[in-house]
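Visitor: Could you have a look at this structure, given as structure tokens, before my questions?
The values are calculated or read from the model by the stated rules, or taken from the named source; none is laboratory data. Remember, predicted model here, so these are calculated numbers, not experimental data. Every residue, glycine as well, gets a Cβ built from its backbone with ideal geometry; the counts of neighbours run over all protein chains shown. Ligands, DNA and RNA are excluded from the accessible area calculation, which covers all protein heavy atoms including side chains. Shrake-Rupley method; radii C 1.70, N 1.55, O 1.52, S 1.80 Å.
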Amino acid sequence: GKPEIFTVVEEMPEFPGGPMEMMNFIRKTIRYPRTALEKGLSGKCYVRFVVNVNGSLSDIEVVNGVQKCPECDAEAIRTIQMMPLWKPGKQKGKPVPVFFNLPINFQLR
């Protein structure tokens, strides 16, 4: 069968370079959807995905999206799909697949 996907492990998966690098990556990669700009929409998009044993990301899904802005949700998914390989999570010293939740902020400047 399929391997168990963990939600909490001894060593959580990490974006290369850590959380600050991840925030920089998101800031550089994300494009505010034009429709959201025109309508003045902003908010948080909560995304969940699996960090696999090889550091690749899969099963990317929006758990709770930006109100009235499917384009924001699609952009959050596109941004995560562009991420480099992560440092996988570990349990008992072995890499295991781990669910990761990530809020992505769509904030008008």
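Per-residue answers, yes or no, for (1) of a type in the set (V, I, T); (2) more than 15 Å from V96 (Cα to Cα):
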residue: K2; (1), (2): no, no
residue: I5; (1), (2): yes, no
residue: E10; (1), (2): no, no
residue: P13; (1), (2): no, no
residue: G17; (1), (2): no, yes
residue: E21; (1), (2): no, yes
residue: R34; (1), (2): no, yes
residue: Y46; (1), (2): no, yes
residue: S56; (1), (2): no, no
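Visitor: Is it true that some residue in segment 63-77 is within 22 Å of K2 (Cβ to Cβ), of a type outside the set (A, V, I, L, M) and either surrounded by 18 or more Cβ atoms within 10 Å (Cβ to Cβ) or touching a helix residue (DSSP H, G or I) at 6+ places or on another chain (Cβ under 6 Å) (or both)?
Guide: Scanning segment 63-77 turns up no residue that is within 22 Å of K2 (Cβ to Cβ), of a type outside the set (A, V, I, L, M) and either surrounded by 18 or more Cβ atoms within 10 Å (Cβ to Cβ) or touching a helix residue (DSSP H, G or I) at 6+ places or on another chain (Cβ under 6 Å) (or both).
Visitor: Out of segment 1-30, which residues are at pLDDT 95 or above, assigned to a loop (DSSP other than H, G, I, E, B) and out of contact with any strand residue (DSSP E or B) (no Cβ under 9 Å at 6 or more places or on another chain)?
Guide: G17, G18 - these are the residues of segment 1-30 that are at pLDDT 95 or above, assigned to a loop (DSSP other than H, G, I, E, B) and out of contact with any strand residue (DSSP E or B) (no Cβ under 9 Å at 6 or more places or on another chain).
Visitor: Mind listing whichever residues of segment 78-94 are touching a strand residue (DSSP E or B) at 6+ places or on another chain (Cβ under 7 Å) and either of a type in the set (K, R) or part of a strand (DSSP E or B) (or both)?
Guide: Result: K87, G89, K90, Q91.
Visitor: Across segment 34-48, which residue is nearest to L85 (Cα to Cα) among those that are in contact with a strand residue (DSSP E or B) (Cβ under 8 Å, 6 or more places away or on another chain) and in a loop (DSSP other than H, G, I, E, B)?
Guide: S42
Visitor: Then there is this: For segment 83-105, which residues satisfy the criterion of being more than 22 Å from D73 (Cα to Cα) and either open to solvent by 30 Å² or more (accessible area, probe 1.4 Å) or out of contact with any Phe, Trp or Tyr (no Cβ under 6 Å at 6 or more places or on another chain) (or both)?
Guide: Those that are more than 22 Å from D73 (Cα to Cα) and either open to solvent by 30 Å² or more (accessible area, probe 1.4 Å) or out of contact with any Phe, Trp or Tyr (no Cβ under 6 Å at 6 or more places or on another chain) (or both): K87, P88, G89, K90, Q91, K92, G93, K94, P95, P97.
Visitor: Give me the pairs, please: first residue somewhere in segment 93-109 and closer than 24 Å to K2 by Cα, second residue anywhere and among the hydroxyl-bearing types (S, T, Y), beta-carbon distance under 6 Å, and either six or more positions apart or on two chains.
Guide: Listed pairs, sorted by first residue: F99/T7.
Visitor: Would you please name the residue that is farthest from N105 (Cα to Cα), looking only at residues in segment 49-77 that are in a strand (DSSP E or B) and either among the charged types (D, E, K, R) or in contact with a His (Cβ under 8 Å, 6 or more places away or on another chain) (or both)? Step through it out loud before you land on a result.
Guide: Residues of segment 49-77 in a strand (DSSP E or B): 49-51, 57-64.
Checking which are either among the charged types (D, E, K, R) or in contact with a His (Cβ under 8 Å, 6 or more places away or on another chain) (or both) leaves us with 59, 61.
Values: D59: 20, E61: 16 Å.
So, considering only residues that are in a strand (DSSP E or B) and either among the charged types (D, E, K, R) or in contact with a His (Cβ under 8 Å, 6 or more places away or on another chain) (or both), the one farthest from N105 (Cα to Cα) is D59.
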